[in-house]
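Colleague: Dropping a structure here in structure tokens format, bear with me for questions.
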Amino acid sequence: MRIAAAVALLSTLAFADTSPRITIPQGVAVSWVFSRGALDERSGSKLELTKAKVVKGALVFEQGYAVSKDDKVAVMSGSFAIEIRAKFDEIARNWALLCMRGSNGRSIGDTWGFYCGAQGNLYFNANRNTVQTPGGAVTAGEWTHIIATVDKDTLTQKIFINGKEVATGPAAKEGLVDRGGPTYIGGCEQFGYHVFGSFSRVRLWKKSLTLADAEKLAREK
């Protein structure tokens, strides 16, 4: 009897799912963490890749981009944050599009957009309210943790880099207002603005992130 029970237990263990469990922090609405491919770990919705590929847990851009055309995946209003862990192989000579939502004619990032400028400055807009860092905020060749956030309660927009607040500005009284459209990562089909480098994660949060949050998240690998 004991032998049979032991055999049954060993058989159960042999076929048990030993893959790592996905842990998505509370407050995350969309979690593109590329250890499992180009998909949202919460919904399973896949990104469409154009001249981009997943290599060793990172989304690598080859003058291309990734896009989610599923409106329901990224819809957000009020307080909001976008978190990216990125490594720039080089800083683009023009604007590089980190991530944006919405496209209306020549008006890209109609809901929000997050960009890196030719001087290594980061620029974030939410419904045309903008905040920008000084030049040299990011450099090529090293992994960098960056956050842009909208806080409806304090009416502020902020940018954090590696757990430090580097820029702040005013937000609209209603916070973020979602206007629909696709969500692009690393570039877009209309205008280029490509990132030269890799992202290991992109998360969209349905709440604002604080300095304490930024410090904690920056320590994650």
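Colleague: Out of the residues in region 167-205 that are out of contact with any strand residue (DSSP E or B) (no Cβ under 6 Å at 6 or more places or on another chain) and on the phi > 0 side of the Ramachandran plot, which is modelled with the lowest pLDDT?
Modeller: Looking at the filtered set, the residue picked out is GLY192.
Colleague: Run down VAL75, VAL54, VAL138 and say which single residue is under 19 Å from GLU165 (Cα atoms) and in contact with a Gly (Cβ under 8 Å, 6 or more places away or on another chain).
Modeller: Among VAL75, VAL54, VAL138, only VAL138 is under 19 Å from GLU165 (Cα atoms) and in contact with a Gly (Cβ under 8 Å, 6 or more places away or on another chain).
Colleague: Between TYR65, TYR123, which is hydroxyl-bearing (Ser, Thr, Tyr), part of a strand (DSSP E or B) and under 24 Å from ALA167 (Cα atoms)?
Modeller: Of TYR65, TYR123, the one residue that is hydroxyl-bearing (Ser, Thr, Tyr), part of a strand (DSSP E or B) and under 24 Å from ALA167 (Cα atoms) is TYR123.
Colleague: Tell me yes or no: at least one residue of region 114-124 is surrounded by fewer than 15 Cβ atoms within 10 Å (Cβ to Cβ) and within 30 Å of THR50 (Cβ to Cβ).
Modeller: yes
Colleague: Return the residues of region 33-57 that are part of a loop (DSSP other than H, G, I, E, B) and among the basic types (Lys, Arg); say none if nothing qualifies.
Modeller: Hits for region 33-57 are ARG42, LYS56.
Colleague: Let me ask you something else. Would you be able to tell me the number of residues in region 153-191 that are in contact (Cβ under 8 Å) with a residue 60 or more places away in the chain and either within 24 Å of TRP32 (Cβ to Cβ) or crowded, with 21+ Cβ neighbours inside 10 Å (or both)?
Modeller: The total comes to 17.
Colleague: Something else: Kindly indicate the residue of region 83-126 that is modelled with pLDDT under 95, in contact with an Asp or Glu (Cβ under 8 Å, 6 or more places away or on another chain) and not β-branched (Val, Ile, Thr) and also farthest from ILE159 (Cα to Cα) among those meeting that condition.
Modeller: Restricting to residues being modelled with pLDDT under 95, in contact with an Asp or Glu (Cβ under 8 Å, 6 or more places away or on another chain) and not β-branched (Val, Ile, Thr), the top hit is ASN104.
Colleague: Looking at (1) part of a loop (DSSP other than H, G, I, E, B); (2) within 23 Å of THR50 (Cβ to Cβ); (3) modelled with pLDDT of 95 or more, can you tell me which one VAL60 breaks?
Modeller: (1)
The values are calculated or read from the model by the stated rules, or taken from the named source; none is laboratory data. Being a predicted model, the structure only gives us computed values, none of them experimental. Counting neighbours? That spans all protein chains shown, and the Cβs are built from the backbone with ideal geometry, glycine included.
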